[in-house]
Every structure is written in structure tokens, then in C-alpha cells.
Amino acid sequence: MREADLSAVLGVQAACYPEAMQEPGAVVLARLRAAPATCVVACEAGGAVCGYLFAYPSVLGAVTDLGAAFAPAARADTLYLHDLAVAPRALGRGLARALAGHLLALGQAQGLAWSALVSVQDSAGFWEGLGYRAAPAADCAPGRGLASYPADALYMLRALA
Ligand SMILES: CC(C)(COP(=O)(O)OP(=O)(O)OC[C@H]1O[C@@H](n2cnc3c(N)ncnc32)[C@H](O)[C@@H]1OP(=O)(O)O)[C@@H](O)C(=O)NCCC(=O)NCCS
């Protein structure tokens, strides 16, 4: 992902999430700057961005609040996938699985032990297909962590090793 992709990435986000889950452009750009090696896009043949995945090195159990900045961990053990989305026009072509697979291979190569995420919008079945299972997230303050997401949000985990 490049900074020049921001507008297209926000367009995909707008097409994939309800208003209450839209994250501000400034936060999205700051995430790319904080973790450029683990933020990737999928492009159509003409080069148009049609999917993205934002991730960063984190620690087991930690959840990024909805709308919060990434805070890459100095002693990371977990590749945290924060947001995966594919534009409606490009669904069902294997792009989401390819984006996730690319970063899982990178996390493995970096020696991270785990990958974790928060599943939303009935996507748990997709993540189970990639080996993730529901797991307890770390405790955090009221309204933070999982509680910053819609009620169906689920912390999910898989081993990378
Ligand atoms: C979830 C999402 C990224 C999947 O994108 P996609 O392009 O359809 O995914 P792929 O084509 O790579 O699908 C890979 C497999 O997952 C399955 N799958 C896709 N979405 C699924 C879902 N919601 N539940 C269960 N399985 C799903 C596909 O059927 C396919 O399985 P198959 O290979 O056995 O046929 C897409 O629906 C999306 O962008 N949703 C809106 C944003 C969102 O909620 N993201 C999840 C954030 S946690």
C-alpha cells in the first residue's frame, strides 16, 4: 500500500462498512505510516485498488480499538490483522484469502508465534477457513478493546509457527 492509495482504500472502506464503523482518513493514513510493511492492497488488472489489509506487529491478546492508531509492539509475538476488506465488485475471487495469506507468510518469516484479529460482520467463517479460532482477548477498560466494536465482534487467534 502506498499513500497515494489512500483515497481508493477509503472508497473500499465506505463500500464495506456501515457508517458507525467507518474509520477516519487521518487514522488510516497514520496506520500506513506506522506499519508500511504490513499494509497491503489488491489491485485489478488496470491497477485500481479493490481490496486492502491493514496489519501490524502486536502482542497476544491485545485488541486495537475501533478508530484508534496502531501502536506496533517493540517485543511483538503476534501479527494483528486489523482490517481486511474487498470491494463488492471484486468479491469471491480469492483476493481476501490472498491478502491474508501474503501477510501470514510474512509474519511466519519474521518469527511471530501468533496471528490475531477481531472478526466482525459475520466473517468468522472466513477466518476459520484460514485456521483462526475464537479466543479470549486481554481485559481492558470499559468501552475499549472488543467493546469498541459492534456486539457480534469476536477475538480470533491462530498459531503461525
Ligand atoms: C470478508 C471478505 C473480506 C471476504 O472477501 P472475499 O473476496 O469474498 O473472499 P475470498 O474470495 O478470498 O474467499 C475465500 C473463501 O472464504 C469464503 N468466505 C468469504 N466470505 C465469507 C464469510 N463472510 N463467511 C464464511 N466464508 C466466507 C469464500 O466462500 C471462500 O471459500 P471457498 O474458497 O471455499 O469458496 C469480504 O466479504 C469483505 O470485504 N467484507 C466486508 C468487510 C469485512 O467485514 N471484513 C472482515 C473484517 S474482520
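A short reminder: the numbers here are calculations on the coordinates, not readings from a lab. All figures in this text were calculated on a predicted structure; none of them were measured in a lab. Positions of Cβ are backbone-derived with ideal geometry, glycine not excepted, and every protein chain shown enters the neighbour counts.
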Less than 19 Å from a label point 7 Å out along the Cα-to-Cβ axis of Arg89: which backbone N atoms in region 10-24 qualify, by residue? 10-17
Would you calculate, for the chain, the mean residue ellipticity at 222 nm contributed by helices, counting each DSSP H stretch of 4 or more residues as -39,500 (n - 2.57) and dividing by all residues, to the nearest 500? -8000 deg cm²/dmol
Cβ-defined net charge surrounding Leu10, 15 Å radius [Lys, Arg +1; Asp, Glu -1]: -3
Just report the Cα centroid separation between region 115-161 and region 1-57, whole Å. 20 Å
Mean Cβ neighbour count within 10 Å, used as a protection proxy, ranking 28-40, 86-98, 48-60 highest first: 48-60, 28-40, 86-98
Quick shape check on the chain: root eigenvalues a ≥ b ≥ c of the Cα gyration tensor, a/c under 1.5 is rounded, otherwise prolate if a/b tops b/c, else oblate, and it reads rounded
Going 7 Å from the Cα of Ala37 along its beta-carbon direction, which residues of region 73-92 have the amide nitrogen within less than 14 Å of the resulting point? 73-80
Could you work out the relative contact order of region 3-159, using alpha carbon pairs under 8 angstrom and six or more residues apart, expressed as a whole percent? 22 percent
